[in-house]
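Here's the structure we're looking at; comments come further down.
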2 protein chains.
Amino acid sequence: MAGIKDVAAEAGVSVATVSRVLNDHPSVSAASRARVLAAVAALGYRPNAVARSLRTDQTRTLGLVISDVLNPYFTSLARAVEEEARTLGYSVIIGNADERPELQDHHVRTLLDRRIDGLLVSPTDRGSPLILDAVRAATPLVFVDRWIPGVEVPVVRSDGRAAVRELVAHLLRIGHRRLAIIAGPATTTTGSERVDAFRAALGEHGVALPDAYIGQGDFQAESGRRAAECFLDLPEPPDAVLAADNLMALGALDAIRARGLSVPDDIALAAFDDIPWFVHTDPPITAIAQPTDELGRAAVRALAERIAGRIPPSVTLPARLVVRRSCGAEPPSAPQRPEPSAATPPARTRRSGP
Amino acid sequence: MAGIKDVAAEAGVSVATVSRVLNDHPSVSAASRARVLAAVAALGYRPNAVARSLRTDQTRTLGLVISDVLNPYFTSLARAVEEEARTLGYSVIIGNADERPELQDHHVRTLLDRRIDGLLVSPTDRGSPLILDAVRAATPLVFVDRWIPGVEVPVVRSDGRAAVRELVAHLLRIGHRRLAIIAGPATTTTGSERVDAFRAALGEHGVALPDAYIGQGDFQAESGRRAAECFLDLPEPPDAVLAADNLMALGALDAIRARGLSVPDDIALAAFDDIPWFVHTDPPITAIAQPTDELGRAAVRALAERIAGRIPPSVTLPARLVVRRSCGAEPPSAPQRPEPSAATPPARTRRSGP
DNA sequence: ATCCTCCGTGTAATCGATTCCACGAGGAGG
DNA sequence: CCTCCTCGTGGAATCGATTACACGGAGGAT
């Protein structure tokens, strides 16, 4: 592959001049510029980003370590991140931690080795020594979605408290009384926080949250299934369940249907993280929607600030409640605004078996 | 950040020795090795991958350019690719082309600039000059899922012909007669090939595929919706529709329900690409499942071969039909094996509205 | 005892860019 | 006419690793 020397030779100038043209440095004569450009075109020259990075000590690359690529919430986050990064002239390397701290560390390590300019992490645990080191080494770092308490790093996330309060009110209004939650791992902020918000919201209505109504999940579908089964085995099962993420909601839906029970008639179901598919499930699932795109964009902008040496503030965006059919219908009062794509007449579902 | 020189100083040896220890080159005395290792640990030294890449002319990085990250099929492919690559000691940089040729080119270009060791592409178009150049420049390249006809590059993909034939037989057996398909863009192999397979399968049963029954989509949900609407506006609408990918199937499902029609009673629906969510839709959707994980793994292995200078063969894996309820029930004969997680008794769905 | 190997190690070149510094030409001002 | 800038340019150092080559010392063979 042609190098800068070849271009210099072709254009009859020095490598310094070629470099100056490529980085459009002002002091190059129009004539030289033209000849260099011609040589570049003739040779199909592309600068070697590796060499450039070594010299300039910047890779124009961002790292993004997310907890689970198969989770639509994180893929749409990743997409937003990549888009915003691209407009800022950065590439993004995505690492999938699969909710496993050691995998997360693996990715953080290789990203650091590759001298990425900045790192976006949605931590799977309470903070490995590796991440703590990175913070101490002043690596530009921003947490997104989840964070590690006590670590001085900007956080870009969304606050579901208001939406949870709204959801709880909605459930109680419909007539549900025994509300349960499937939590995420306590090692993640989103795991514990959502339970707290739920408990607090219930408290405002004088409703308690018994331990038996707190299922322990790990953000994967299978754990949602197990937690739901535990609930259903209870002498007095809950009549409404909130899952702390979309995959666990799916698992719970499975478990409930496997018992021959109906959502929402026998039990209501709601989930954190709204995803396109929730419109198409049977029934469509009520969800707490995070502004994923904005989250991703804000995270990249914050990281860019950190890279530039400034200290960006943390950002907290509100989540909002999206009501669908999985919790049952509101008693007639303020009419619910229908969802555009779920604008189906009351769903003439019929049995399809013989 | 500490460099190799610091380590050498700390250990009281030369940089050459440090490098030899790090790359475990045989001719280093045990004593030196120990002291270097100690120094590395003491300084928390990590080799600069950028410098290493410049010198060795390899980045131990693979590029993967996929057509749409929001499509679960591609994310699971990406996950499999990353996993296999990791076991081989490679990192993966994912580029999302969003079905846009110019974005695809952008990613291919930056990946090439970064001197990735090899490139995995699922091309969005019939071949940009850029990709053709890359092929000519002997960049290790492997196509996955889709490919560009006439280009001498190994292809790792799955063949849906048999599964399509099976599906068509299944539909006809149930009693459907007017079979339609929503195709992908003709510029993609998966776009045109699937229509061909469908037409051929129909032909075997003496059934024609009128032009009006070929909807033109672009692999996005919205286009599936539009195509389905066109079908339904026909004087004689089809009674079964196959969508060439999962997103278009979702769009079609929406459109059908928006008309107050029922799947499968009024119209049957099936899709290419099986995804976990198809189990949970209303009704669960019959799909042609590709062996995504194997595809991803095989693609990486083929690429590794190419990087090693060998010429790997193309790989074609069979897809298989997964029957669910969206096409209606088979007339009683061979009993259908039920899906584990869809093992719901005929789905006691009830109306949930008041 | 002498010579030859082999082993461990260090010096320095190298990868492909960026960038500091010096230098020569040409124009302006004294 | 001489001096001093300014401007465009090139030479060479540099980034942090890898690795070819040279070299000195220990040990075995003769």
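So here's what we get for this one:
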item: Additional length obtainable on full extension of the chain from B:A212 to B:R161, 0.36 nm per residue less Cα span; result: 16.2 nm
item: Residues listed by number, the stretch B:89-129, amide nitrogen under 11 Å from B:A308 label point at 7 Å toward C-beta; result: none
item: Overall form of the stretch B:170-240 per C-alpha gyration tensor (a/c, 1.5; a/b vs b/c); result: oblate
item: Förster-model FRET efficiency, 25 Å R0, B:D57 and A:R46, C-beta, rounded to 0.05; result: 0.95
item: Rounded tilt (10° steps) of B:101-113 against the dominant C-alpha axis of chain B; result: 20 degrees
item: Shape category assigned to the stretch A:120-273 from the gyration tensor of Cα positions, a/c cut at 1.5; result: prolate
item: Packing-based order for A:245-258, A:108-121, B:129-142, B:220-233, using average beta carbon neighbours within 10 Å, highest first; result: A:245-258, A:108-121, B:220-233, B:129-142
item: A:A329 paired with A:A200, simple spin-label distance in nm, labels 7 Å along Cα-to-beta-carbon; result: 3.5 nm
item: Chain B: angle of helix B:161-174 to the longest principal axis, Cα-based, in degrees nearest 10; result: 30 degrees
item: Label point 7 Å beyond Cα along the C-beta direction, distances from B:L317 to other copies (nm, shortest first); result: 3.5
item: Cα centroid of the stretch A:286-306 to Cα centroid of the stretch B:176-214, whole Å; result: 41 Å
item: Only Lys, Arg (+1) and Asp, Glu (-1) charged, at Cβ; the stretch A:271-329 dipole about Cα centre in debye; result: 200 debye
item: Under 12 Å, Cβ to Cβ, from A:L77 - net charge with Lys/Arg +1 and Asp/Glu -1; result: -4
item: In degrees, nearest ten, helix B:30-43 long axis to first principal axis of chain B (Cα); result: 70 degrees
item: Environment charge of A:L179, counting only residues whose C-beta is closer than 11 Å and scoring Lys/Arg +1, Asp/Glu -1; result: +2
item: Neighbouring partner chain Cβ atoms per residue of A:67-75, average, 10 Å criterion; result: 3
item: Full-stretch length increase - A:E294, A:E222 - with 0.36 nm per residue and alpha-carbon distance subtracted; result: 23.0 nm
item: For the stretch A:70-144, fraction of C-alpha pairs farther apart than 15 Å, in %; result: 55 percent
item: Size descriptor, Kirkwood hydrodynamic radius, that averages inverse alpha-carbon separations across the stretch B:1-117, Å; result: 16.7 Å
item: Position B:P210, label points 7 Å along Cα→Cβ, spacing to each other copy in nm (shortest first, one decimal); result: 6.2
item: For chain B, the spread of Cα positions along each principal axis, largest first, Å; result: 85, 46, 38
item: Only Lys, Arg (+1) and Asp, Glu (-1) charged, at Cβ; the protein assembly as shown dipole about Cα centre in debye; result: 1100 debye
item: Size of charge dipole - chain A - debye, nearest 20, with Cβ of Lys, Arg +1 and Asp, Glu -1, no other charges; result: 1060 debye
item: The stretch B:43-186: C-alpha gyration tensor shape, a/c 1.5 cut-off, then a/b vs b/c; result: prolate
item: Zero-based 10 Å bins, Cα pair distances in the protein assembly as shown, whole percents; result: 3, 13, 21, 23, 19, 11, 6, 2, 0
item: Alpha-carbon centroid distance for the pair the stretch A:311-326 / the stretch B:62-89, whole angstrom; result: 29 Å
item: Diffusion constant of the stretch A:33-74 at 37 °C, which comes from Stokes-Einstein with the Kirkwood Cα-pair radius and 0.692 mPa s, µm²/s; result: 237 µm²/s
item: Charge dipole of the stretch A:1-97 about the Cα centre (unit charges at C-beta), most positive-ward option of A:N48, A:A78, A:S32; result: A:S32
item: Nonlocal amide H pairs with A:R178, under 5 Å, H built at 1.01 Å; result: A:D239, A:A240
item: Relative contact order (percent, whole number), chain A, Cα cutoff 8 Å, 6+ residue spacing; result: 15 percent
item: Per-residue mean of C-beta atoms belonging to partner chains within 10 Å, peptide A:52-64; result: 2
item: Protection proxy ranking, peptides A:205-215, A:48-58, average beta carbon neighbours within 10 Å, highest first; result: A:48-58, A:205-215
item: Other copies of B:P129: label-to-label distances in nm, shortest first, labels 7 Å along the beta-carbon direction; result: 5.4
item: Neighbouring partner chain Cβ atoms per residue of B:277-286, average, 10 Å criterion; result: 5
item: Theoretical gain in end-to-end length, A:L172 to A:A137 [0.36 nm per residue, Cα-Cα removed]; result: 7.7 nm
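Each reported figure results from applying straightforward, stated rules to the coordinates on display, with no laboratory input. These numbers were taken from a predicted model, which means no experiment stands behind them. Positions of Cβ are generated from backbone atoms using ideal geometry, with glycine treated the same way; all protein chains shown enter the neighbour counts.
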